[in-house]
Structure formats: C-alpha cells, structure tokens
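The values are calculated or read from the model by the stated rules, or taken from the named source; none is laboratory data. These numbers come from a predicted model, not from an experiment. All Cβ positions, even for glycine, are placed from backbone atoms using ideal geometry, and neighbour counts span all protein chains on display. These area figures cover heavy atoms from the full protein model, side chains too; ligands, DNA and RNA do not enter into them. Shrake-Rupley method; radii C 1.70, N 1.55, O 1.52, S 1.80 Å.
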Amino acid sequence: MSKRLLLVGAGHAHLEVLKQLKSEWRERVDVCMITPSPYQYYSGMFSGYTEGIYSEEEMRVDIRALARAANVHLIQKKAAYLKADQQKVVCEDGAVYPFDVVSFDIGSKSSPASFEETAVQAIQPNYDFSTQIRELRETTMPLIVGGGAAGTELAMSLQTYKQNHQIPGQVRLILSEGILADGPKWVSAKLRKLLKKKDIRIWENERVEEVFEGFVKTDKGNRVRHTGVLYLGGALGDPIFEKSSLAIDERYFALIRSTLQFRDYDYIFGAGDCVTMIDLPQLEKRGVYAARQGLVLWNNLKNYFSDKPLKSFAPQKKALSILSTGGKKGFFIYGALHAHNQKAWQLKDKMDRAFMAKYKFP
C-alpha cells in the first residue's frame, strides 16, 4: 500500500524537494502539495521588480509546471490547521487531507493582526506583492514600516522608480529601532547615508501604534502622512501552528529539531521562515538558510520513509548579503568585507537568476 507525503507551502525548501522528485525516489509514496497560489514569488528579486528591472514572470516560479514535472498532485488551497495526532490537514474550505508524513514551508507573516483591517499592506503572502507594489510606487508618499534588509531595499527601489518615472513625492521609512539594527554599526551608518542621499525621509527608533487612512500615529505622538503603507516590521509565525496546538516560540513559529522535525512529532517536518530551530533560536529568517535546508529536508524525507537515520541541518557561519540600493548598484556584505558598486549588484543579479533557473520548467 502506498503512503502519502503532504508538502504544505511552496517555499525555498519545498521547491528543492519538487526539483529532486523530478528524477528521484518514488517508492510507493504519493506526494501532494497544498498551496493557495499557482505561483511562488522569489523575494530576492522584489527590489528589482519594484525598481522596474524584472518582469513579474522573471521573479516567479510556476508551481503547476514544477509539480507536473515532478509528478506531484497540486492542491490549490490554503491549509487552516492540523490535526497532528490524527495525521490530517484541514484546509480553509473544510477539505481534509490525511497524510503519513507532512512538511511545512509556508513562510511567515509580516504584519500583526491588529493592522489587518487597516490601510496596511504586507509583503506576505508573497503572491500579492506585485499588485501591491505596482499601486504603491505610483503614489506620492508611500510609507514603509520596518528597517531590516527588505525594508531598506524596497525604500531605495521605490524611490529609484519614482525618480526614473518622474513621479512626484518622497518615500518614507519608519523604523522601531535603527537601520539594520541587528547588524554592525558601520553597515547601519553607510546605509543611513545612502537613504538620505536618495532623499528618503527616515524616522528611527519610533514605533507605529495606529494606522489610519491618510496617516500613521507613532509611540512618540508623531503623525506621519502616507498614500499607502507597506509593513515589514519583523516576521511572525503563521497562525496555523497555534491553532493546531503545536509547540511554538514567542513569535508563533513552530519549534523544530536539527533534523527539521517538529519538536513533538517525528512525522511532521518544517523548513524556512515558518519555523524556529530549537538549538539555534536566533537564526535569522533568511532565504539563504531556507534554500540550504532544502537538500537536508529532501534527504530526511526519503530516509524517514526508508527507516534510515536522519541528518542534521547546520547553517553556514557566515552568509553573504547583497542589498540592492537602486540604479543597478548593490551593497555587498560578507563578514568584515563590504563594497557598494555595480559589480555587487551584477553578482546579486547573477545569483538570483541562477536560483530561479533551477525551478523553471516548460
């Protein structure tokens, strides 16, 4: 009798599993993927799309084509919660899908529940991003909330697009801490200079408390006007894990072991931004780690079905970062090494296109 593997979500790690399934392993295991969109958008190219460099087609993977090539049944629905002990996933429409093994790679949320009924737009789910950013970049006072890498990149990309297309106004950026607060101070200082040079208005160490149609109110009592808000104020876990009474951390991310198995269940796996590793709770939610988890997840899923030992995921100690700063320039950071020039952006462009090419199938 065949067994069933459910892949919930189409994040970086699950894309790698689909790619490997194209040519390997099918020992009486039926594989299904549950994801709400026929496309998976690559966040590494969001800044280039915002600036107008990439087309929508260039920054997305056609999940239908990839699943078809891998002989995986695609279910275009959103998972609502999990009956872990009964080994069933329940979707928002009430449909129930039993499994022998399930893996989650559903990404994270980028805005708190308190802002969901406001003018705030979020970068997640990522299949809404292209529509949201097209509308936002045509407005006069787009506001980005959040000073991490994504917020900094998108602020500069938005401003570059506006300048290139002679759209009046100014991009605004509100940060609850400083610019890339978790990074070295010299990086923050250089990025601050770049943002100001591009005429981006910045509020640092100020938290948005309320969002209204034409302005936001901060914890310092300031009212900052806007013509649209993109919220990137830190990742939060998807509600599915709390609803399913699974072990989560303080930000609602599911807790997993180094083998990428959930803390309390051997037959539930997870990867990417939706989970926190118990042994490495401070590991950043970054695509570079999710992509590296893909092969470990693939091998561990195979080994689990074959009753073989599982491997542990160990992230690299140093990870390369290249932030797009607009005008096809990039800010290169690798340990103490850094540079800001066109070569850095060209390297980022080459890496991003190579990543996408792995998952493009006719």
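How many of the residues in segment 73-109 are surrounded by 16 or more Cβ atoms within 10 Å (Cβ to Cβ), farther than 28 Å from A122 by Cβ and either touching a Leu at 6+ places or on another chain (Cβ under 6 Å) or free of Cβ contacts under 8 Å to residues at least 24 places away in the same chain (or both)?
2
Every residue, every condition in (1) among the acidic types (D, E); (2) part of a helix (DSSP H, G or I); (3) at pLDDT below 95; (4) out of contact with any strand residue (DSSP E or B) (no Cβ under 8 Å at 6 or more places or on another chain), yes or no:
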{"position": "L7", "(1), (2), (3), (4)": "no, no, no, no"}
{"position": "L15", "(1), (2), (3), (4)": "no, yes, no, no"}
{"position": "W25", "(1), (2), (3), (4)": "no, no, yes, yes"}
{"position": "V61", "(1), (2), (3), (4)": "no, no, no, no"}
{"position": "K77", "(1), (2), (3), (4)": "no, no, no, no"}
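When the residues of segment 160-211 are narrowed to those that are touching a Pro at 6+ places or on another chain (Cβ under 9 Å) and crowded, with 17+ Cβ neighbours inside 10 Å, which ends up nearest to K328 (Cα to Cα)?
Among them, the one singled out is K162.
Yes/no per residue for (1) assigned to a loop (DSSP other than H, G, I, E, B); (2) open to solvent by 10 Å² or more (accessible area, probe 1.4 Å); (3) touching a residue at least 40 places away in the same chain (Cβ under 8 Å); (4) not hydrophobic (A, V, I, L, M, F, W, C):
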| residue | (1), (2), (3), (4) |
| --- | --- |
| I240 | no, no, yes, no |
| K285 | yes, yes, yes, yes |
| R292 | no, yes, no, yes |
| V296 | no, yes, no, no |
| L301 | no, no, yes, no |
| L310 | yes, yes, yes, no |
| F313 | yes, yes, yes, no |
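Residues being more than 19 Å from P98 (Cα to Cα) and under 23 Å from the mean Cα position of the chain (by Cα): count how many of those fall in segment 22-34. Explain how you work it out, then say what you get.
First, pick out the residues of segment 22-34 that are more than 19 Å from P98 (Cα to Cα): 22-25.
With under 23 Å from the mean Cα position of the chain (by Cα) added as a condition, the list becomes none.
Counting residues in segment 22-34 that are more than 19 Å from P98 (Cα to Cα) and under 23 Å from the mean Cα position of the chain (by Cα) gives 0.
Just to be sure I understand, how many residues within segment 260-271 are touching a helix residue (DSSP H, G or I) at 6+ places or on another chain (Cβ under 9 Å) and surrounded by fewer than 18 Cβ atoms within 10 Å (Cβ to Cβ)?
Final tally of qualifying residues: 2.
Name the one entry in K220, K193, K185 that is over 29 Å from L337 (Cα atoms), free of Cβ contacts under 8 Å to residues at least 40 places away in the same chain and of a type in the set (D, E, K, R).
Testing whether each residue is over 29 Å from L337 (Cα atoms), free of Cβ contacts under 8 Å to residues at least 40 places away in the same chain and of a type in the set (D, E, K, R) leaves just K220.
Could you please give the count of residues in segment 134-149 that are outside any helix (DSSP H, G or I) and among the hydrophobic types (A, V, I, L, M, F, W, C)?
Residues flagged as outside any helix (DSSP H, G or I) and among the hydrophobic types (A, V, I, L, M, F, W, C) within segment 134-149 amount to 4.
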